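The values are calculated or read from the model by the stated rules, or taken from the named source; none is laboratory data. Just so it is clear, the model here is predicted, and its values are computed rather than measured. Cβ atoms come from the backbone with ideal geometry, glycine included; neighbour counts cover every protein chain shown. Surface areas here come from the heavy atoms of the whole protein model, side chains and all, with no ligands, DNA or RNA. Shrake-Rupley method; radii C 1.70, N 1.55, O 1.52, S 1.80 Å.
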Amino acid sequence: MERRVAERIRGALSPFGFEVHAFKVGWYNAVVQPAFHLPYTDDTLAFVVLSTPSMFEKALKPFVNKERLKIIRDPVDQCVSYHLSRLKEKFPDQTVDIMFDYELLPNRKPKFLAQTAAHVSGAAYYYQRKDVKRDPWGKKKIFGVCIHPRYGGWFAIRGLLLFPDIQVPFLEQCAPVDCVSTEEQRIELLEQFNFHWQDTRYRDIIEVKEKYSEEQKAYFATPPAERLKLLGLTQEVHRSIFH
């Protein structure tokens, strides 16, 4: 069942630069605090959805060109929402719940911990302070970061797809690829991500097969309120959104 569902999802999303990985809700709930538990049984089938570097050309730009007069919030969020919501049409006999990475709980905490979901699904390794044996940071706060074996840091975790009516007790867990395997590399990665993230060096901690285009880098480096201009949206649309 999981394989058929996965094939249908990939058939719908892969042409637009998205990647999906299956996991059981219980794998995720077992490693997060109760406040972040997903309210489903342990054997519930779920998928984490990533955007790869090609999503910018394959999904975002065509979406903006087609929906330019309907852009009312962040174009990337709206584009992801559009493509994931359309998936429900592929499963008319199933309940499909969707959680987006930008959604917050009433207490302003995220609905799910995206990097943990990516790790337990095998999509990308979540490197954290605990993965470094000789901790050089003392009392400093150090945040973890996911690295993808193909894209390094040039990807994003966009959401979860949950199928509450599909139970997969025999689904086998695939460990993420530990592509930043040495102590020195891990320290360098966490240093760059926490203290020099704007220069994007952490994204290239490994040799990547594909990365963001220069246009895409410029887009994400631009303040959100100015990004619409880079996508060619008219000043009238720009004013209608931000004023």
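Modelled spin-label separation between residue 150 and residue 185, with each label point placed 7 Å from Cα along the Cα-to-Cβ direction: 1.9 nm. Using heavy atoms of the protein chains and a probe of 1.4 Å, the accessible area assigned to residue 196 is about 80 Å².
Assign one of three labels to segment 110-198, namely rounded, prolate or oblate, based on the Cα gyration tensor with a ≥ b ≥ c the square roots of its eigenvalues; rounded applies when a/c is under 1.5, prolate when it is not and a/b is larger than b/c, and oblate otherwise. Prolate shape, in that a/c is at least 1.5 and a/b is the bigger ratio. Work out the FRET efficiency for residue 14 and residue 134 from their Cβ-Cβ distance, taking R0 = 35 Å, and round it to the nearest 0.05. Rounded to the nearest 0.05, the efficiency is 0.30. Measuring between their Cα centroids, segment 83-134 and segment 187-205 lie 22 Å from each other. 3J(HN,Hα) along segment 164-180, derived from phi through the Karplus expression 6.51 cos²θ - 1.76 cosθ + 1.60 where θ = phi - 60°, amounts to x, 8, 10, 9, 10, x, 9, 5, 8, 7, 9, 5, x, 6, 7, 8, 10 Hz, with x in place of Gly and Pro. Along segment 42-48 the Karplus relation, 6.51 cos²θ - 1.76 cosθ + 1.60 evaluated at θ = phi - 60°, assigns HN-Hα couplings of 4, 8, 5, 6, 9, 9, 9 Hz to successive residues, with x for each Gly and Pro.
Determine the order of 40, 28 by accessible area, beginning with the largest, at a probe radius of 1.4 Å. If you can, show how the numbers build up before the last one.
On the way: 40 50, 28 0 Å².
The most accessible residue leads, giving 40, 28.
When semi-axes √(5λ) of the Cα gyration tensor in Å is calculated for this entry, the matching label among [x] 28, 26, 17; [y] 42, 30, 18; [z] 40, 24, 19 is [x].
Were the residues from residue 70 through residue 199 laid out at 0.36 nm apart, the gain over their Cα-Cα distance would be 43.2 nm.
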